[in-house]
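Participant: Below are the structure tokens for one structure; questions will follow.
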Amino acid sequence: MSEGVHEMSQTGLVVGQTVTVRKLSSAGAEVFAYPGVIAQTWPGGARLDATWTRGEMALGYTTFAPGDHFIEWFFADRWYNIMEVRGAGDTLKGWYCNITYPAEFARDSISYRDLALDLWVAPDGTMTTLDEDEFAADAAIGATARARALAALADLRALVAQHVAPFDTLPG
């Protein structure tokens with residue numbers, strides 16, 4: 001993976017560029033959008049920085065608060081994205097991993113179709129699978145996408161267990 005202020009990847013994105021991230025439903029409808037700044041690109045992917053600007057969201061396992069820093073990885077060839085969440089004082093809150101169709105990159109945006117299934121990884125490495133009922137009930141997700149989603153969840157769990165970046169800071 002390469003970094004550079006003016007380097008363009010196969011995604012067409014440039015480090016330092018502000019893009020719009022679009023979360024789409026499994027059926028493809030936009031759920032919400034937010035800005036992020038490209039921090040790194042590589043063939044088929046990008047990492048960006050974003051700030052939580054929505055209201056406080058208490059999730060039980062963590063709380064997203066205004067000003068939280070999100071470091072987000074998107075991939076054109078993987079069925080997930082990873083969001084490292086840092087709060088006040090750069091304190092690690094954990095990693096929110098969305099199971100999604102592979103990201104789609106445009107000149108000024110990154111879009112991902114969410115498949116409802118998520119993985120939360122706490123700073124101590126504890127993993128919690130989220131929204132399994134919502135995933136099971138979503139009629140817009142076909143059999144092939146369901147199989148790919150479950151494989152992506154297994155891949156993420158393996159990355160965490162093996163402490164592969166960005167999970168390389170986990171204890172143990």
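The values are calculated or read from the model by the stated rules, or taken from the named source; none is laboratory data. Note that this is a predicted model, so its numbers are computed, not measured. Cβ placement follows ideal geometry from the backbone for every residue including glycine, while neighbour counts extend to all protein chains displayed.
Participant: Just give me the residues in the range 115-127 being surrounded by 20 or more Cβ atoms within 10 Å (Cβ to Cβ) and within 28 Å of residue 139 (Cβ to Cβ), in sequence order.
Facilitator: The answer is 115, 116, 117, 118, 119.
Participant: Residues in the range 143-158: is at least one among the acidic types (Asp, Glu), in contact with a His (Cβ under 9 Å, 6 or more places away or on another chain), at pLDDT 95 or above and closer than 23 Å to residue 46 by Cα?
Facilitator: no
Participant: Do we have residue 158 as closer than 19 Å to residue 73 by Cα and in contact (Cβ under 8 Å) with a residue 12 or more places away in the chain here?
Facilitator: So residue 158 fails the test.
Participant: Let me ask something additional. Anything in the range 93-132 that is more than 16 Å from residue 20 (Cα to Cα) and aromatic (Phe, Trp, Tyr)? List them, or say none.
Facilitator: Within the range 93-132, 95, 96, 101, 120 meet the criteria.
Participant: Regarding the range 46-55, can at least one residue be identified that is of a type in the set (Lys, Arg), assigned to a strand (DSSP E or B), surrounded by 12 or more Cβ atoms within 10 Å (Cβ to Cβ) and out of contact with any Phe, Trp or Tyr (no Cβ under 6 Å at 6 or more places or on another chain)?
Facilitator: Within the range 46-55, not a single residue is of a type in the set (Lys, Arg), assigned to a strand (DSSP E or B), surrounded by 12 or more Cβ atoms within 10 Å (Cβ to Cβ) and out of contact with any Phe, Trp or Tyr (no Cβ under 6 Å at 6 or more places or on another chain).
Participant: For the range 128-149, what are the residues that are buried (at least 17 other Cβ atoms within 10 Å of the Cβ) and aliphatic (A, V, I, L, M)?
Facilitator: Listed by number, the residues that qualify are 130, 141, 145, 149.
Participant: Take the range 131-158 and flag every residue that is among the basic types (Lys, Arg) and under 22 Å from residue 61 (Cα atoms).
Facilitator: Answer for the range 131-158, where residues must be among the basic types (Lys, Arg) and under 22 Å from residue 61 (Cα atoms): just 157.
Participant: Only one residue in 28, 16 is exposed (fewer than 12 other Cβ atoms within 10 Å of the Cβ), assigned to a loop (DSSP other than H, G, I, E, B), among the small types (Gly, Ala, Ser) and at pLDDT 95 or above, so which one is that?
Facilitator: Criteria check complete, one pass: 28.
Participant: Report yes if residue 92 is touching a residue at least 12 places away in the same chain (Cβ under 8 Å) and crowded, with 20+ Cβ neighbours inside 10 Å, otherwise no.
Facilitator: Considered against the rule, which asks whether it is touching a residue at least 12 places away in the same chain (Cβ under 8 Å) and crowded, with 20+ Cβ neighbours inside 10 Å, residue 92 comes out as no.
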